[in-house]
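Q: The following block contains the structure, expressed as structure tokens.
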């Protein structure tokens, strides 16, 4: 008995040491693997030539023109593959004017700091707990790429996170989604989520406020450039649609024409949004986000940071749904195998699997009644 009592702790200690060694090896491999992935990604994105490119030309330069009384919107055709023209409404440029008064370097630094701050705030807003979740969030390729390019998608993601956190506060959720819709337009489809979950006041507010804010800011500059703005957006969409990371891009890279691919994208988006209609509060939230991305012709890979937000919204603590974030590296790697079409197919497939897996219990949410139920 004495020998047995002495031997048992020794076996337990050996098992503990062995387990710790396995965990250390696993963590080391994950850290090294992610470091390699990130370095390869940065090298692939072209270094300084693409650094903060989504801010410098289409926002910063345009805001400087606006600050000096000029027309920030072009009146002639542009090569959108080499020069990203202004696609944001004037209200965004007005908000950027304080940065536009600074030289480019400090302005870009402050803008990127704002985006990083938004990335930090998102898990805080969603009340995410646990080191694993935070690590997975900050190593998510959609978040990294969005910050690298200086894209406002991280501000959109923060607005969507705020909308979810305070979804029962009509004023907050409506304001947050209006900001998101003004920044990128496609988040306007979150109105469907508000309707499906009976948040009608907030839905009406977003529906009315978004066009008022956009048109009001245009009125402030005397509607300069508004006549050519729709055609410019259309030209940009047609030019860059095959550069995206979703269904429309996948189809175009497989030889389907723009019109046919866009029609398929709209159909898929409609189906996705309607699927969420009876899937609970989170289900409606996720499927609306997925549908909005499917309908977006210029849906860039970093837009998936909004889907990452839905993961944190569903599970503030770690569970298997969080594996979606590192799995997105598969979509990045797919580019080196099959180009943009492969990235788009893997992105859509992973997001669809997330919805099917994570949405299994959505219809059993406490207090949930589908639209039309008594």
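The values are calculated or read from the model by the stated rules, or taken from the named source; none is laboratory data. Given the structure is predicted, the values throughout are model-derived calculations rather than measurements. Ideal geometry is used to build each Cβ from the backbone, glycine not excepted, and the neighbour counts take in all protein chains shown.
Q: So is residue 126 modelled with pLDDT of 95 or more and buried (at least 21 other Cβ atoms within 10 Å of the Cβ) or not?
A: It is true that residue 126 is modelled with pLDDT of 95 or more and buried (at least 21 other Cβ atoms within 10 Å of the Cβ).
Q: Given the condition within 13 Å of the chain's Cα centre (by Cα) and not in a helix (DSSP H, G or I), answer yes or no: does some residue in region 151-160 qualify?
A: Taking every residue of region 151-160 in turn, at least one turns out to be within 13 Å of the chain's Cα centre (by Cα) and not in a helix (DSSP H, G or I).
Q: Which of the following residues is buried (at least 20 other Cβ atoms within 10 Å of the Cβ), touching a helix residue (DSSP H, G or I) at 6+ places or on another chain (Cβ under 6 Å), over 19 Å from residue 287 (Cβ atoms) and at pLDDT 95 or above: 158, 177?
A: 158
Q: From the list 91, 65, pick out the single residue that is surrounded by fewer than 20 Cβ atoms within 10 Å (Cβ to Cβ) and either on the phi > 0 side of the Ramachandran plot or modelled with pLDDT of 90 or more (or both).
A: Unique residue meeting the criteria: 91.
Q: Could you identify the single residue in 171, 216 that is over 14 Å from the mean Cα position of the chain (by Cα), surrounded by fewer than 24 Cβ atoms within 10 Å (Cβ to Cβ) and without any contact (Cβ under 8 Å) to a residue 40 or more places away in the chain?
A: The conditions single out 171.
Q: On to the next question. Do we have residue 38 as modelled with pLDDT under 80, assigned to a helix (DSSP H, G or I) and in contact with a helix residue (DSSP H, G or I) (Cβ under 8 Å, 6 or more places away or on another chain) here?
A: yes
Q: Could you give every pair whose Cβ atoms fall below 6 Å, whose first residue belongs to region 321-335 and is under 18 Å from residue 310 (Cα atoms), and whose second residue is surrounded by fewer than 22 Cβ atoms within 10 Å (Cβ to Cβ) and at pLDDT 95 or above, counting only separations of at least 6 or pairs across chains?
A: Within 6 Å, the pairs are 327/350.
Q: What number goes with the only condition from (1) at pLDDT below 95; (2) part of a helix (DSSP H, G or I); (3) closer than 25 Å to residue 148 by Cβ that residue 298 does not pass?
A: (2)
Q: Sticking with this structure for a sec: Do we find that residue 289 is within 24 Å of residue 192 (Cα to Cα) and surrounded by 17 or more Cβ atoms within 10 Å (Cβ to Cβ) in this structure?
A: yes
Q: Let me confirm something: among 244, 276, 280, which residue is within 21 Å of the chain's Cα centre (by Cα), under 20 Å from residue 160 (Cα atoms), crowded, with 22+ Cβ neighbours inside 10 Å and at pLDDT below 95?
A: 276
This table checks each residue for (1) outside any loop (DSSP other than H, G, I, E, B); (2) under 16 Å from the mean Cα position of the chain (by Cα); (3) at pLDDT 95 or above.
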| residue | (1), (2), (3) |
| --- | --- |
| 288 | yes, yes, yes |
| 331 | yes, yes, no |
| 350 | yes, yes, yes |
| 363 | yes, no, no |
| 370 | no, no, no |
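Q: Please determine whether any residue of region 219-236 is in contact (Cβ under 8 Å) with a residue 60 or more places away in the chain, under 28 Å from residue 175 (Cβ atoms), assigned to a helix (DSSP H, G or I) and in contact with a helix residue (DSSP H, G or I) (Cβ under 9 Å, 6 or more places away or on another chain).
A: yes
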